[in-house]
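To start, the structure under review is shown below, and the notes come after it.
The values are calculated or read from the model by the stated rules, or taken from the named source; none is laboratory data. Predicted, not measured: the structure shown is a model, and the values here were computed from it. As a convention, Cβ positions derive from the backbone with ideal geometry for all residues, glycine included, and neighbour counts pool all protein chains shown. The area values use the complete protein model at the heavy-atom level, side chains included, leaving out ligands, DNA and RNA. Shrake-Rupley method; radii C 1.70, N 1.55, O 1.52, S 1.80 Å.
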Amino acid sequence: MFFRGLIVSAIFAASLFAQVHPDWTQPFPTHRVIANVYYVGSKGLASYLITTPQGHILINSNLETSVPQIRESVEKLGFHFNDIKVLLISHAHFDHCAGSALIKQLTGAKYMVMDADVPEIEDGGRTNFRYSNSPDMFYKPTKVDRVLHDGDEVRLGDTILTARITPGHTKGCTTWTLRVVDHGKAYNIVIVGSPNVNPDYKLVNNAQYPQIAQDYERTFRTLKLLPCDIFLGAHGDYYGMEEKFAKLDKSGANPFINIEGYKNYIAEREQAFRSELQRQQTQAQ
Ligand SMILES: [Zn+2]
């Protein structure tokens, strides 16, 4: 009875995600953000295609079931899915990386992951500091082809992406930056990995992740220093993707250029982290 209960609760939890986040699997129109950067994700899970004449970079494979949807978006833009040469992620949580094994298998892309997220990616999320007892959040263990360190560059064709470690949400959570030129003007793009403290994250006395609070502090220091004209992230709701998409092509200005929006978001998220930290510190006393 006990084991049967466990299995039933795992299945229930998996379907619960679909109920709680119907937008994760809901299709969304693929669109060009700016220059060679395109959105190919679903309504709730962001995935970015960065195209070059030497092949493409994909950031986030999302759920395993997202892969056909990402493929369709890439092809709708007129690009070939098989030309994806490099696969990157925002962080080692199943909603951003569960499709990676399948994408590697289909395209032969090289999977490049931040050092501190590599053990989890290669064991399918089983050693995650918070979700090691949540089988519904496991994914297919996937071999990493290149281990990245903070500040490493990923180059393909004329595109250079920089990996910035922004830990806390996961130990190797990664914010990606790149510079693009559009109509003769240069822009800094920041794709935020995640600054969020999930429900039940222990920020104080966390035996599985003792330095978690310091890591979040480091993340906010890093994010505040990054120059940002175009603000993107692992989920569209970080940067108001739907509202900005609705404004696309309606006026001359590109709605994704949003310097103030980035600053406000980071400030608001830092405040949320600080009040949660304070609440947990008070409780621990
Ligand atoms: Zn996450």
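Taking segment 29-43 and a reference point 7 angstrom along Cα→Cβ of residue 76, the backbone N atoms nearer than 13 Å belong to 29-32, 39-43. Within the listed set 191, 121, 160, the Gaussian network model of the chain (springs between alpha-carbon atoms below 10 Å) gives the highest mean-square fluctuation for 160.
FRET efficiency for the residue 246 to residue 285 pair, using the beta carbon distance and R₀ = 41 Å, is estimated at 0.30.
For residue 110, the residues whose modelled amide H falls within less than 5 Å of its own, excluding neighbours fewer than 5 places apart on the same chain, are 86, 87.
Ordered from highest to lowest accessible area with the whole protein assembly present and a 1.4 Å probe, 176, 24 read as 24, 176. For the chain, a Gaussian network of Cα nodes joined below 10 Å ranks 22, 199, 68 by mean-square fluctuation, and the top entry is 199.
Applying 1/(1 + (r/R0)^6) with r as the Cβ-Cβ distance of residue 105 and residue 274 and R0 = 30 angstrom yields a FRET efficiency of 0.10. Here the chain exposes an accessible surface that is 54 percent carbon and sulfur, computed with a 1.4 Å probe and the other protein chains kept in place. Think of it as helices only: each DSSP H run of n ≥ 4 in the chain is worth -39500 (n - 2.57), and spread over all residues that comes to -10000 deg cm²/dmol at 222 nm.
Remark: the residue 186-residue 146 segment gains 11.5 nm on full extension, using 0.36 nm per residue and subtracting the alpha carbon distance. Taking θ as phi - 60° and the Karplus parameters 6.51, -1.76 and 1.60, the scalar couplings of segment 243-250 work out to 5, 5, 4, 4, 8, 4, 6, 8 Hz in sequence order, x denoting glycine and proline.
Taking every C-alpha pair closer than 8 Å and separated by at least 6 residues, the mean separation divided by the residue count of segment 37-186 gives a relative contact order of 19 percent. Loop-resident trypsin sites (Lys or Arg not before Pro) (DSSP state other than H, G, I, E or B) in segment 156-243 with no more than 13 further Cβ atoms inside 10 Å of their Cβ are absent.
Take the Cβ atoms of residue 198 and residue 54, set R0 to 51 Å, and the FRET efficiency comes out at 0.85. For the listed residue pairs 76/143; 140/185; 43/143; 104/263; 171/224; 140/250, the alpha carbons are over 31 angstrom apart in 140/185; 104/263; 140/250. Residues whose amide H falls under 5 Å from that of residue 256, counting only those 5 or more places apart or on a different chain, are absent, with hydrogens built in the peptide plane. In a Gaussian network model over the chain where Cα atoms closer than 10 Å are linked, find which of 41, 99, 240 has the largest mean-square fluctuation. In this elastic network of the chain, the residue with the biggest mean-square fluctuation among 41, 99, 240 is 240.
Structural descriptor for segment 111-269: relative contact order 17 percent, calculated from alpha carbon pairs under 8 angstrom and at least 6 residues apart.
Working note: Karplus 6.51/-1.76/1.60 with θ = phi - 60° gives segment 233-240 the couplings x, 5, 10, x, 6, 4, 10, x Hz, where Gly and Pro are set to x.
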